[in-house]
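Here's the structure we're looking at; comments come further down.
The values are calculated or read from the model by the stated rules, or taken from the named source; none is laboratory data. Keep in mind that this is a model prediction, so the values were computed, not measured. Cβ sites come from the backbone with ideal geometry, for glycine too, and all protein chains shown count toward neighbours. Accessible surface is based on the protein model in full, side chains and every heavy atom, while ligands, DNA and RNA are left aside. Shrake-Rupley method; radii C 1.70, N 1.55, O 1.52, S 1.80 Å.
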Amino acid sequence: MPSATPPAAAIFDMDGVLVNSNPVHVTKWIDYLKERNVPFVAEEVPQKILGLHNDDVFRAYFGDSMSPDDIRQAGEELEARFREVFRPQARPLPGVVALLNELQSAGIPMAVASSGIRSNVEFMVDVLDIRSFFQFLITGDDVRAHKPDPEIYLKAAVSLGAEPSQCVAFEDSFAGIGAVKNAGMKCVAIASTFLSDELRRRTQADLIVPGFEELSLETLRSLFIHAESPVRD
């Protein structure tokens, strides 16, 4: 049952938010593109892949040369490689578990809304030992339109029985922050992947913080009280 006092629900992206997995994702894609002699600019890879569904990344780099079945099979193989490499270093970002505990104790329902494939999201919540905090796991496999389209966040809000305007969501990527704001939700941007200055310049996040240690339920509630939310470095 959503909280009577906003936030009525909290929704979390996965990579770069609950866990610092993005550097491994970037390396994974760079290696994959090199193996196939696909031209790319290394400095542009993070923006081209992070927060996006694999289908969109394959289309960006391979055009129409891959069929949907080819993309699906290649994506599964790519992510299986990622899970094998990342498993030994998987840890929640500092402050994540403390905030999840505080929200759970306050009776605020939570969901994951990740562009990742379901096998990756399931792997992450288990290897991080955080599955019990979330009522729903919404993945890129569960929606037709991908971030920055708001579908995944709107679906999470419906699943949690909360109005989007009463939800707070946590993101780190430009596409993800766009999806949250397009859904009409409050957005907390975690500067784990992109610099605070860049997030401030290029997004409409309601609050920008370097990490979860800066956050508490009181801080999240303040986003719904003040018309102009504070933006932090």
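When restricted to Cα atoms, the stretch 1-61 yields an Rg and a Dmax of 16.2, 54 Å, respectively. Bridgeable lysines around Lys28 (alpha carbons under 28 Å apart, same-chain partners fewer than 8 residues away excluded): Lys48, Lys147. Per the Debye calculation on the chain with a single equal scatterer at every Cα and no solvent contribution, log₁₀ I(q)/I(0) for q = 0.07, 0.11 Å⁻¹ amounts to -0.21, -0.52. In terms of the mean number of neighbouring beta-carbon atoms within 10 Å, the peptides 116-122, 21-27, 219-225 order highest first as 116-122, 21-27, 219-225. Think of each Lys and Arg Cβ as +1 and each Asp and Glu Cβ as -1; about the Cα centre, that makes the dipole of the stretch 20-149 roughly 240 debye. Taken about its Cα centre, the chain carries a charge dipole of roughly 160 debye when the Cβ of each Lys and Arg holds +1 and the Cβ of each Asp and Glu holds -1. For the stretch 1-97, the residue among Asn22, Gly51, Val41 whose Cα projects farthest onto the positive side of the dipole built from Cβ charges is Asn22.
In terms of its Cα atoms, the stretch 99-150 spans 33, 24, 14 Å along the principal axes, sorted from long to short. The residues of the chain present an accessible area of 45 Å² per residue when probed at 1.4 Å with all protein chains retained. Relative to the longest principal axis of the Cα atoms of the chain, helix 96-105 runs at roughly 40 degrees. Using a probe of 1.4 angstrom, how much of the accessible area of the chain is carbon and sulfur, in percent? Of the solvent-accessible surface of the chain, carbon and sulfur hold 49 percent.
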